[in-house]
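Beneath this line is the structure, given in structure tokens, with notes to follow.
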Amino acid sequence: MKILLIVISFLFSKNLIFKGEEKYISNLKKLTKGGDNAEAYFSWDDKYLIFQSTKKPYKCDQIFIMDINGKNKKLVSTGFGRTTCSYFLPDNEKIIYSSTHHLSKECPEVPKLNLKRYYWTIFDYEIYLAKRNGEIIRKLTNNPEYDAEGVVSKNGKIVFTSFRDGDIGIYMMDTLGNVKKIINEFGYEGGPWFSPSGDKIVFRAFYPENEEEKEKYVELLEKRVVSPPYMEIFIIDTTGENLRKITDFKKICFAPSWHPSGEYIIFSANLENPWNFDLYIIGIDGKGLERITYYEGFDSFPMFSHDGKKLVFCSNRGGKKGETNVFICDWKK
């Protein structure tokens, strides 16, 4: 029986890997089942994953922690409001996440717009520091607009995206909530991620290049909606110096994070098809682009384990229509 289960598991793993081109990943396993699961990130000891999930009885995203084999899933947010963007602190005992529960127990309403491309709402999130069991320690931000997309460095610094100062930009803070702005460019900046050394940040950005792009960006921002026609990947030092563009595809590039070596970045992009997002890696010099996944759908939110042996990402593959699940695999590059 044990041998049969191993064979079935092997065949199922093989079926989840598409076209044979996904040469850098193996032993692909689905860790969630049903609902919309996203943004799963490793603890610093690589034993746990923290992620957001919309699944009954919850009507919008809540934060959960599970073992890296998908077992022992536990709710760690309050169960109220909408949550997003969770991450472990280096001690593996504390977490951060963003939530709207300070406004209401109910999920905030999502505006319906007639846009022919992907858009998302910048709700009034605040960032919370909590214990791993979900007990809230303190609210780190106090801004009546968007504060989310928080990631923590090995030194315990927090980088995040915020709508303040009239624009959406990238900021840093400590665990007491002391905030410092990193970039002064006009336009959308988001998804910041610390380098393994903690002295650089990779992020996605849309900087309007003409008046028409600027006007549309501002118009949607007034509705608390973001829908860039394209986003590129950038790197900047945590001091705010040496801003440099890594991609130049005029496509939607997002969810960048670093390989533990610090030599290359993994990100999601629709380079082949506007509605098909795959994972890619690229050197920090903008060279050596390689496609990693080939599923005709959504693959995104990648993160390498801190030892570089595993890759976790979220995908529509292997599930029912409308599902997004968390997957983990061995990384072979």
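The values are calculated or read from the model by the stated rules, or taken from the named source; none is laboratory data. All figures in this text were calculated on a predicted structure; none of them were measured in a lab. Glycine also receives a Cβ, built like all others from the backbone with ideal geometry; neighbour counts cover every protein chain displayed.
Before we move on, is ARG291 in contact (Cβ under 8 Å) with a residue 40 or more places away in the chain and farther than 17 Å from THR161 by Cβ? Yes; evaluated as a whole, the condition is true for this residue. Flag: TYR295 matches the condition of being buried (at least 18 other Cβ atoms within 10 Å of the Cβ), over 17 Å from the mean Cα position of the chain (by Cα) and assigned to a loop (DSSP other than H, G, I, E, B). Can you give me the number of residues within region 102-137 that are of a type in the set (Lys, Arg), exposed (fewer than 11 other Cβ atoms within 10 Å of the Cβ) and either over 27 Å from ASN270 (Cα atoms) or within 21 Å of the chain's Cα centre (by Cα) (or both)? So the answer is 1. Restricted to region 298-325, and to residues there that are out of contact with any strand residue (DSSP E or B) (no Cβ under 8 Å at 6 or more places or on another chain) and modelled with pLDDT under 95, the residue that is surrounded by the most Cβ atoms within 10 Å (Cβ to Cβ) is LYS320.
Does SER305 count as under 22 Å from TYR188 (Cβ atoms) and either out of contact with any Gly (no Cβ under 8 Å at 6 or more places or on another chain) or charged (D, E, K, R) (or both)?
Working: under 22 Å from TYR188 (Cβ atoms): no; either out of contact with any Gly (no Cβ under 8 Å at 6 or more places or on another chain) or charged (D, E, K, R) (or both): yes.
It is false that SER305 is under 22 Å from TYR188 (Cβ atoms) and either out of contact with any Gly (no Cβ under 8 Å at 6 or more places or on another chain) or charged (D, E, K, R) (or both).
Yes or no: TYR58 over 18 Å from SER86 (Cα atoms) and in contact (Cβ under 8 Å) with a residue 12 or more places away in the chain?
Working: over 18 Å from SER86 (Cα atoms): no; in contact (Cβ under 8 Å) with a residue 12 or more places away in the chain: yes.
Spelling it out, it is not the case that TYR58 is over 18 Å from SER86 (Cα atoms) and in contact (Cβ under 8 Å) with a residue 12 or more places away in the chain.
Do the conditions hold for PRO144, that is, is it more than 18 Å from PHE88 (Cβ to Cβ), touching a helix residue (DSSP H, G or I) at 6+ places or on another chain (Cβ under 7 Å) and without any contact (Cβ under 8 Å) to a residue 24 or more places away in the chain? Criteria not met by PRO144. Looking only at residues of region 14-42 that are over 15 Å from the mean Cα position of the chain (by Cα) and part of a strand (DSSP E or B), we find that the one that is surrounded by the fewest Cβ atoms within 10 Å (Cβ to Cβ) is SER26.
When LYS250 is tested against the conditions (1) part of a loop (DSSP other than H, G, I, E, B); (2) at negative phi; (3) without any contact (Cβ under 8 Å) to a residue 60 or more places away in the chain; (4) not β-branched (Val, Ile, Thr), the lone failure is (2). Could you tell me whether THR83 is β-branched (Val, Ile, Thr) and over 22 Å from PHE194 (Cβ atoms)? It is false that THR83 is β-branched (Val, Ile, Thr) and over 22 Å from PHE194 (Cβ atoms).
Counting only residues that are under 16 Å from the mean Cα position of the chain (by Cα) and either in a loop (DSSP other than H, G, I, E, B) or farther than 19 Å from SER162 by Cα (or both), region 230-247 holds 0 of them. Among the residues of region 253-281, the ones that are assigned to a loop (DSSP other than H, G, I, E, B) and under 20 Å from ILE25 (Cβ atoms) come to 4 in all. Among the residues of region 194-243, the one identified as without any contact (Cβ under 8 Å) to a residue 24 or more places away in the chain and among the aromatic types (Phe, Trp, Tyr) is TYR207.
Scan region 307-331 for residues that are under 18 Å from the mean Cα position of the chain (by Cα), outside any loop (DSSP other than H, G, I, E, B) and not charged (D, E, K, R) and the total you get is 11.
Taking first residues from region 176-193 that are farther than 20 Å from SER227 by Cβ and partners that are among the polar types (S, T, N, Q) and modelled with pLDDT of 95 or more, the Cβ contacts under 6 Å between residues at least 6 apart in sequence or on separate chains come to TRP193/SER257. For region 319-333, filtering for residues that are touching a Phe, Trp or Tyr at 6+ places or on another chain (Cβ under 8 Å) and over 17 Å from ILE50 (Cα atoms) leaves 3. Among the residues making up region 150-188, those that are among the hydroxyl-bearing types (Ser, Thr, Tyr) and either closer than 25 Å to LYS216 by Cβ or surrounded by fewer than 19 Cβ atoms within 10 Å (Cβ to Cβ) (or both) are THR161, SER162, TYR171, THR175, TYR188. Of the residues making up region 102-116, those that are more than 23 Å from ALA40 (Cβ to Cβ), among the hydrophobic types (A, V, I, L, M, F, W, C) and either at pLDDT below 95 or in a strand (DSSP E or B) (or both) number 2.
Of all residues in region 221-229, one or more are surrounded by 15 or more Cβ atoms within 10 Å (Cβ to Cβ), touching a strand residue (DSSP E or B) at 6+ places or on another chain (Cβ under 8 Å) and assigned to a strand (DSSP E or B).
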